[in-house]
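FYI, it's all coordinate maths here, none of it is from the lab. Keep in mind that what you see is a predicted model, and the values were worked out from it rather than measured. Here the Cβ is made from the backbone with ideal geometry for all residues, glycine too, and neighbour counts use every protein chain on show.
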Amino acid sequence: MISLHEGRGGARRKRPTERVFQLHLKIAGCQPRIWRRLLVRETMWLSRLHDTIQVAFDWYDYQTHAFAFGDLRFGNPVKRDDEVVEDDRDVTLADVNLESHEHFTYGYHFDESWLVEIAFERLQPLKKGLSYPHCPGGGRAGPPEDCGGIEAYHDMLACIKEPATDLGREWLEWLGPDYDPEACDLAKINQGLRKLAK
């Protein structure tokens, strides 16, 4: 005898709710601290997280990059005897089991060695009406991409405090009138992130 409840192979199973990772990013070695908080979907490709970081720190994606999860590296693909970097276009945040990594890093522009330390803070549910990725918080402007690295960035900050000096004038002319190292423009960042989402 067939039960009334049998034979429902076509019934839809409820898909698990997609989760959101809350990440805290800071640029290693920068004083005062430059940081961002990001909300990203677990289905995000690592290559898209790279794009998101570029927008968050106002960089232009001119250089090579790599994420490091312990011994695993993903980014611009490299296969040499001394280094293997897998393609980050083939891997999602869920694939790397992100919640099991309390910390990982993002290296950018290897000559100048910008290093972003990323901490997994918590999981949260997807919020209707919120565009992902999203940056709800941050501190200070990102260091200008081509300023020469951490040491040069700190020299630059010292120079622009003395605008009457030759170096101060040169830096301010190069940076442009809108640059403010103290400012983190969340509205501008999220506008850029919404364009990424499209």
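Report the chymotrypsin sites (Phe, Trp or Tyr not before Pro) located in region 85-118 that are in a DSSP loop and have at most 16 other Cβ atoms inside 10 Å of their Cβ, or state none. Spell out each step's value before the answer.
Numbers: sites: 104, 106, 108, 110, 114; in loops: 110.
Sparse-neighbourhood loop chymotrypsin sites (Phe, Trp or Tyr not before Pro): 110.
In straight-distance terms, cross-link reach from residue 188 covers every one of the lysines whose alpha-carbon lies under 29 Å from its own, apart from those fewer than eight places away in the same chain; here that gives 26, 127, 128, 161, 198.
Of 76, 96, 176, which is farthest on the positive side of the dipole of the chain, counting Cα position, with +1 on Lys and Arg Cβ, -1 on Asp and Glu Cβ, and the Cα centre as origin? With unit charges placed on the Cβ atoms, the residue in question is 96. Note on residue 185/residue 71: beta-carbon distance plugged into 1/(1 + (r/R0)^6) with R0 of 45 Å gives a FRET efficiency of 0.80. Direction-averaged projected area, Cα convex hull, region 20-63: 3.4 nm², rounded to one decimal. For the chain, the relative contact order is 25 percent, taking Cα pairs closer than 8 Å that sit 6 or more residues apart in sequence and dividing their mean separation by the residue count. Using a Förster distance of 30 angstrom, determine the FRET efficiency expected from the C-beta separation of residue 84 and residue 195, and round it to 0.05. E(calc), rounded to 0.05, equals 0.40. One way to sum up the overall shape of the chain is the equivalent ellipsoid from its Cα gyration tensor, whose semi-axes run 40, 20, 13 Å, largest first.
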